[in-house]
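Asks: Structure provided below as structure tokens; questions to follow.
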Amino acid sequence: MRSVTPGFAVDSPLSAAQAEAEVFGSMFGLSGKRAKPLYWLTLLSGLLESLFFSGMAYGWASLVFVLKVDGYFAGYCTNATRDSDHAAYTDCTGQDEQFSLVMCIALIINTIIRFPIGCVFDRFGTTVTRVISIFLFTTATLFITLSNAEMSLLLYPAISCLIISGTILHTTNAQVGNLFHFYRSTIITVYNGAFDSSAAVFLVIKLLHERGVSLFVSFLFVTSCSIILLLRTLFLMPRGHIPYPLPEIYTYGVRCPGRKDKKNNKLEDMKEHEYPRKMDMQTEGTTPEMEPKKEEVASFRSCVLSWLFLWHLVWVVTILFCHTIFLSNVNSMLTRLAKDDQTSVSHYTNAFAITQLCSVLFAPVNGLIMDRHKKRTLATGETRRESDLRSSCLSLFLTSLQCFLFCICFTIPVLPLQYFTFVLQVINSSFFYGGHQAFISIAFPVTHFGKMSGIAMSLSALGLLLQVPVLHLIQHRLHGDPLYVNVGVILLSLLAFIHPIQVSLYCRKLDKQRTITKQEANEQQAF
């Protein structure tokens, strides 16, 4: 009897360990000298792209400080008199509300458009999707370059386009993990950490602005970097998708058209469609002859309507809402806690941005948690998908716990405590985004990855729409004090704990079914 590694058929009578070693070698390009440097170059260049471009819009708090200095939305500031001592002061509540709305609307549009992005990615492939992203990135940076205090409204389309372009870049980069089998989830989470850390780019722009470099010059340079994104799209990314598991002979990037190119594309499409079926059917000790000849991949509709996805959606909406409430109000919150001391506000804004830069260091931890059982021998009848789902339970629980603690910290109105809030926000964000994409890649067929990942974020926009009345409530009814809203956010964050419990129960159900099936098989053999 021939032994196979999940997802691969082994034609020669190798041991399971030998087969696994052979697959491991092919995953890292060790079987071909040409492939290995290309895989690593793709990985490292994608890491740099994520670190400097994909999530830079999330450094909004740093950019807001610069925009206030340059007088953006200054017309919304009014002269007022303090009730306690009748002293005159400048009330910039309206200005803060405009900046909060810019980020809030951008986040909502980004989540709404995630599903169409996923459909485009699944249907047309990497090149088309990234070209759209590069166009949006260039448009966004040009808008900011050409904006000024009189044209503050340009920030609305600019930040929206910037966030959307970064999301598209990140979606296309997530597939790079397919090049490295045993560290697939780890690489996805590393990219998510780099995505979060790119928020520090706006900190650099803030520091340069304090030294006399104008916003125009900074964003003109950022706009010119679009050529780097285009070159990587042409030379280091596939036209279609990176399949999983990876074929032994696989090339991508710019190639001369011919039979080899057609063969590679056919092999890629074949692997993408056959992988979900193989991963669910093959277990250790199972031979190809024992597989059913025809097995359809689960439909997109059945995946969306499954309880596994519905509770994951609740998890995504809950955590995303908590983070966006914080990000939309962080600058006004720091201003209020620092009692309008702009020196303190600048200091804490820098601390937040520097903390975000460390996200790339925290993110791999979540990936290692999800990949910790990759090399474990599967139990009799156990599928690789079931094993990976069981590993994800701990990751989902830790992410939910971090979100709960994070909400408690930013609710407590103590300025020095916000250092710890910043750390928790960055850790939780890196765990959340990496865990979301890794879970989607584990729980559902790879052919639906873009759509499943996108629809979860798009549907979460329905929850994020609540931000608009919430922000209005904070600014106009609660006089800028979000204490009661934050208490409600803490209670809301408890919903996130349902998802890891549901996944754990789902895995136990699969284990119970496997045990019953095994007992029935033994009884049949006894007769």
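The values are calculated or read from the model by the stated rules, or taken from the named source; none is laboratory data. For clarity, every value in this text was computed on a predicted model and none was experimentally measured. In this analysis, Cβ positions are derived from the backbone assuming ideal geometry, glycine residues included, and neighbour counts consider all displayed protein chains. Accessible surface is based on the protein model in full, side chains and every heavy atom, while ligands, DNA and RNA are left aside. Shrake-Rupley method; radii C 1.70, N 1.55, O 1.52, S 1.80 Å.
Asks: How much accessible area per residue does segment 295-413 have, in Å², with a 1.4 Å probe?
Replies: 40 Å²
Asks: So with the 1.4 Å probe, I'd like the accessible area per residue for segment 420-496, rounded to whole Å².
Replies: Value returned for segment 420-496: 34 Å² of accessible area per residue.
Asks: Of all accessible surface on segment 394-468 at a 1.4 Å probe, what whole percent is carbon and sulfur?
Replies: 88 percent
Asks: Accessible area of segment 34-83 with a 1.4 Å probe: how many percent of it is carbon plus sulfur?
Replies: It is 64 percent, rounded to a whole number.
Asks: Suppose R0 equals 35 Å; then what is the FRET efficiency for L394 and T127 from their Cβ-Cβ distance, rounded to the nearest 0.05?
Replies: E between L394 and T127, to the nearest 0.05, is 0.45.
Asks: I'd like the carbon and sulfur percentage of the solvent accessible area for segment 102-141, probe radius 1.4 Å, heavy atoms only, ligands and nucleic acids excluded.
Replies: Here carbon and sulfur together make up 83 percent of the probe-accessible area.
Asks: Skipping prolines and chain starts, which residues have an amide H placed within reach, meaning under 5 Å, of the one on G125, given they are 5 or more residues away or on another chain?
Replies: Correct list: empty.
Asks: On a 32 Å Cα-Cα criterion, which of the cross-link pairs K374/K518; K36/K509; K206/K451; K206/K374 come out too long?
Replies: K36/K509; K206/K451; K206/K374
Asks: Taking a point 7 angstrom from the Cα of L146 along the C-beta vector, which residues in segment 222-249 have backbone N less than 20 Å away?
Replies: Residues passing the 20 Å test: 222-227.
Asks: Still on this structure, I have one more. Could you provide, to the nearest whole Å², the per residue accessible area of segment 50-154 with probe 1.4 Å?
Replies: Per-residue value: 42 Å².
Asks: So for the pair L234, I354, with labels modelled 7 Å out along Cα→Cβ, what separation do we get in nm?
Replies: About 4.1 nm, to one decimal.
Asks: At a Förster radius of 22 Å, what calculated FRET efficiency corresponds to the Cβ-Cβ distance of T343 and L478, to the nearest 0.05?
Replies: 0.25
Asks: Okay, moving on. Across segment 56-133, what fraction of all alpha-carbon pairs, as a whole percent, falls in each successive 5 Å bin from zero upward?
Replies: 3, 12, 15, 14, 13, 11, 10, 8, 5, 3, 3, 2, 1
Asks: Something else about it: Given H placed 1.01 Å from N in the peptide plane, which residues other than close sequence neighbours of D91 have an amide H under 5 Å from its amide H?
Replies: T78, N79, A80
Asks: How big is the equivalent ellipsoid of segment 388-525 along its three axes, where each semi-axis is √(5λ) from the Cα gyration tensor, reported in whole Å from largest to smallest?
Replies: Over the Cα atoms of segment 388-525, the ellipsoid semi-axes are 39, 17, 14 Å.
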